[in-house]
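The structure under discussion appears below in the form of structure tokens.
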Amino acid sequence: MKFQVPRGTRDILPGEVERWQWLEERTRAVQALYGYREVRTPFFEATDLFVRSVGEATDIVRKELYTFEDRKGRSLTLRPEGTAPLVRAYLESPALRAESPARLYYMGPMFRYERPQAGRYRQFWQIGSELLGSAKPEADAEMIDLFRAILADVGLRDVTVLLNSLGDTVCRPRYREAIRAYFKQHEDRLCGDCKERLETNPLRILDCKVPSCAPVIAGAPSVLDSLCPECAEHFEGVKRALTALDIRYEVAPRLVRGLDYYTRTVFEIHAANLGAQNAVGGGGRYDQLVKDFGGPDTPAIGFSIGMERLLLAVGEESWPGPAKPDVCVIALEPGAVLEAQALARALRGLAQEPSRRRALVALVDTAGRSANAQMKWASRVQARWAVFVPPGAEGYAVRDMTKGLDEERQPSIEALRGWLSERRDAVEAVRG
Ligand code: AMP
């Protein structure tokens with residue numbers, strides 16, 4: 001083989017892609033119920049957009065960006081995350097800025113040069129929601145509620161909400177220094193990466209998974225003890241609002257996230273069955289980001305869900321399975337192929353009926369197979385019915401492929417469409 005899919009990426013093929021489509025449709029529907037509207041930004045942006053928002057000292061910016069120069073020498077980067085592009089789009093659009101708060105979401109691939117492993121890819125998909133223009137704890141609660149609603153709607157209920165506050169521009173720098181001083185005392189027990197983080201990004205040490213760092217991390221001062229009164233009150237407000245919505249959470253004082261723009265609330269949702277990579281997604285407040293991008297003071301909060309992880313966590317039970325063809329039209333003799341094609345088109349019903357209520361998924365053989373081989377193919381693709389052309393004196397013969405039974409003949413194409421679509425609808429009504 002000459003070419004292979006690039007390392008850390010994968011093809012999503014029929015058989016699997018239907019699960020993705022199902023997830024996408026359900027997610028869109030839930031977002032719509034909460035009043036969130038989709039924004040589609042480009043897959044690449046000016047490199048600086050990510051450096052300035054995600055943060056120069058983060059792993060994402062230091063090690064994981066796919067950066068390239070275009071033909072005019074501009075530095076561009078494949079987006080590693082969706083918030084910074086969305087904030088950029090928000091600031092460029094007067095219509096979006098006029099909405100306050102603005103409720104927006106995105107869905108699409110992100111790119112990070114990470115070490116591939118189970119549940120970790122170099123191109124992966126995220127669904128993310130953002131609420132721009134409210135600092136209120138109720139906005140935080142709405143976000144976490146929406147996140148959970150998306151998971152619950154696809155059948156994932158066994159989840160844990162982890163909640164923390166990182167403070168704001170007043171108390172966070174104080175905590176940063178406190179924790180740097182603490183880890184400095186224990187520097188000799190930290191791993192190489194953490195020694196480096198001590199200078200660049202001491203908060204990230206809390207997130208280190210190297211076992212030898214664990215005891216040092218366990219003794220570190222808690223961010224919650226160093227919150228200023230306003231941040232502490234905000235955090236209490238978030239907890240109150242979650243309780244009022246009947247959302248259980250665990251306070252996780254060691255929870256920090258891999259992006260620098262977060263302030264105050266951060267959260268993650270974990271699924272019990274995911275193993276090491278158990279965060280389905282996470283998010284937090286970014287009250288300074290819009291201002292940092294040159295916009296007005298606009299407190300905001302968002303989250304993103306990893307779609308690969310979500311599909312892994314959901315498993316096979318919840319989704320209805322790929323759609324199967326309703327009909328295969330079988331040409332009984334080679335001369336009937338064109339008639340078969342025309343009949344299949346009529347059964348699809350696109351021209352007759354824009355509402356598509358009675359549209360049938362109709363396939364026809366275009367590979368010149370014998371009538372026998374066409375029947376085998378119809379069972380292989382699991383068609384519900386076979387219809388035969390040319391029609392006999394009493395009309396179109398129909399066979400129920402699931403039972404191997406011949407049904408009553410249908411005198412005309414219209415009658416055939418009506419007969420098939422009624423029975424198809426009855427099956428779908430039962431399936432829900
Ligand atoms: P982050 O943008 O880093 O906060 O990640 C949010 C979510 O995206 C994570 O909880 C994962 O579910 C997912 N995610 C992040 N990085 C990857 C990756 N390299 N491969 C697959 N999923 C990822």
Handout entry: All helices (runs of 4 or more DSSP H) inside region 176-266 with 1 or more residues being surrounded by 13 or more Cβ atoms within 10 Å (Cβ to Cβ) and under 27 Å from the mean Cα position of the chain (by Cα)
Key = 229-244
Exercise for the section: Just give me the residues in region 267-299 being out of contact with any Ser or Thr (no Cβ under 8 Å at 6 or more places or on another chain), within 25 Å of Cys171 (Cβ to Cβ), open to solvent by less than 20 Å² (accessible area, probe 1.4 Å) and assigned to a strand (DSSP E or B), in sequence order. Expected result: Phe267
Practice task
Select from region 379-432 the residues that are of a type in the set (D, E, K, R) and closer than 15 Å to Ala323 by Cα and list them in ascending order.
Solution key: Arg380, Arg384, Arg424, Asp425, Glu428, Arg431
Fill in the blank from the handout: Expected single match for part of a helix (DSSP H, G or I), out of contact with any strand residue (DSSP E or B) (no Cβ under 7 Å at 6 or more places or on another chain), modelled with pLDDT of 95 or more and surrounded by fewer than 17 Cβ atoms within 10 Å (Cβ to Cβ) among Ala342, Ala429 is Ala342
Problem - Qualifying residues in region 60-83 (those that are in contact (Cβ under 8 Å) with a residue 40 or more places away in the chain and within 22 Å of the chain's Cα centre (by Cα)) - the one most open to solvent (accessible area, probe 1.4 Å) - result: Tyr66
Problem - The lone exception for Gly15 - which of (1) on the phi > 0 side of the Ramachandran plot; (2) exposed (fewer than 13 other Cβ atoms within 10 Å of the Cβ); (3) in contact with an Asp or Glu (Cβ under 7 Å, 6 or more places away or on another chain) it fails - result: (3)
Practice task
Kindly provide the set of residues from region 115-135 that are open to solvent by 30 Å² or more (accessible area, probe 1.4 Å) and either within 16 Å of the ligand (Cβ to nearest atom) or at pLDDT below 95 (or both), ordered by number.
Solution key: Arg115, Pro116, Gln117, Ala118, Arg120, Tyr121, Gln123, Trp125
Problem - Flag for Met307 being in contact with a helix residue (DSSP H, G or I) (Cβ under 9 Å, 6 or more places away or on another chain), modelled with pLDDT of 95 or more, surrounded by 18 or more Cβ atoms within 10 Å (Cβ to Cβ) and closer than 30 Å to Phe147 by Cα - result: yes
Problem - region 360-395: number of residues that are surrounded by 13 or more Cβ atoms within 10 Å (Cβ to Cβ), free of Cβ contacts under 8 Å to residues at least 24 places away in the same chain and part of a loop (DSSP other than H, G, I, E, B) - result: 3
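The values are calculated or read from the model by the stated rules, or taken from the named source; none is laboratory data. On a predicted model such as this, the values are computed, not experimentally measured, just so you know. Methodologically, a virtual Cβ is constructed for each residue, glycine included, from the backbone with ideal geometry; neighbour enumeration extends over all protein chains shown. For accessibility, only protein heavy atoms count, side chains too; no ligands or nucleic acids. Shrake-Rupley method; radii C 1.70, N 1.55, O 1.52, S 1.80 Å.
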